[in-house]
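Asker: Questions regarding the structure given below will be posed in turn.
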């Protein structure tokens with residue numbers, strides 16, 4: 001069972017842009033972004049290479065919000081080998097947010113993966129990213145973890161960052177440009193994540 005999952009996860013990593021699925025995702029987000037009259041947006045895309053379906057739980061916004069029809073739907077299932085994408089438009093000070101996914105690591109046992117980005121309104125300032133893998137419900141608002149996460153990210157110089165836990169690995173990267181891209185990959189710990197070519 002574990003070997004089957006590992007083979008599926010590796011296949012997903014090997015086919016990250018099969019049939020130009022990554023390229024088409026980026027182009028779709030760029031087309032949606034031009035509809036927004038803001039100087040700062042983030043094109044957000046997260047790839048599932050865990051070997052199994054994962055579930056998107058909810059977003060968290062510090063500055064800005066997901067745009068229109070691209071906004072991610074809570075409890076949405078993301079198949080292995082698929083991109084989950086949306087445009088995050090800026091609020092006062094830029095586009096800063098996070099997304100949380102739930103993964104099953106053993107029968108009836110789950111963990112939560114958080115991936116976050118910070119795209120300042122002034123594009124001369126560096127983009128920053130951050131990620132954690134934690135126990136179930138760790139990122140529920142009442143625990144106050146979001147304040148700590150934001151402080152950690154804002155004080156860092158993380159242009160790329162990775163975290164491991166429960167047998168998984170989460171890798172996030174911030175890309176510069178007039179429409180910056182936030183790219184996240186969730187896979188099995190021990191597998192080599194390909195160098196981004198966004």
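Asker: When ranked by the protection proxy of mean other Cβ atoms within 10 Å per residue, highest first, what sequence do the peptides 26-32, 120-126 form?
Answerer: Highest to lowest by the protection proxy: 26-32, 120-126.
Asker: Another question about this same structure. Beyond 11 Å, what share of the Cα-Cα pairs of region 46-87 is found? Please give it as a whole percent.
Answerer: 67 percent
Asker: With a 10 Å Cβ neighbour count serving as the proxy for reagent exposure, in which order, fewest first, do 20, 110 appear?
Answerer: Ordered by Cβ neighbours within 10 Å, fewest first: 20, 110.
Asker: How high is the relative contact order of the chain, in percent, with contacts defined as C-alpha pairs under 8 Å that are six or more residues apart?
Answerer: Relative contact order of the chain: 21 percent.
Asker: Which value, to two decimals, describes the C-alpha radius of gyration of region 45-161 once divided by 2.2 N^0.38 Å?
Answerer: For region 45-161, the normalised Cα radius of gyration is 1.06.
Asker: Along the Cα→Cβ direction, 7 angstrom out, place labels at residue 154 and residue 20. What is the inter-label distance in nm?
Answerer: For the pair residue 154/residue 20, the computed spacing is 4.1 nm.
Asker: Here's another thing I want to ask about it. So what is the relative contact order of region 1-90, in percent, for Cα pairs below 8 Å that sit 6 or more residues apart?
Answerer: Relative contact order comes out at 38 percent.
Asker: Angle, helix 145-154 long axis vs. longest principal axis of the chain, Cα atoms, 0 to 90°, nearest 10?
Answerer: Once rounded, one gets 60 degrees.
Asker: Regarding region 13-98, what are the three Cα extents along the principal axes, ordered largest first, in Å?
Answerer: The principal-axis extents, from largest down, are 38, 26, 19 Å.
Asker: Additional query: For residue 110 and residue 137 in the same chain, what is the full-extension length gain: residue separation times 0.36 nm, less their Cα-Cα distance, in nm?
Answerer: Result for the pair: 8.8 nm of gain on full extension.
Asker: Taking the 0 to 90 degree range and rounding to the nearest ten, how far is the long axis of helix 21-33 tilted relative to the main principal axis of the chain, both from C-alpha atoms?
Answerer: The angle comes out near 30 degrees.
Asker: Based on DSSP H runs of at least 4 residues, each adding -39500 (n - 2.57), what is the mean residue ellipticity at 222 nm of the chain after dividing by all its residues, to the nearest 500 deg cm²/dmol?
Answerer: Mean residue ellipticity at 222 nm (helix-derived): -5500 deg cm²/dmol.
Asker: What's the Cα-based Rg to Rh of the chain, Rh via Kirkwood?
Answerer: With Rh from the inverse mean 1/r over Cα pairs, Rg/Rh is 0.94.
FYI, it's all coordinate maths here, none of it is from the lab. Please read all numbers here as calculations on a predicted model, not as lab measurements. When we count neighbours, we look across all protein chains shown, and the Cβ atoms used for this are built from the backbone with ideal geometry, even at glycine.
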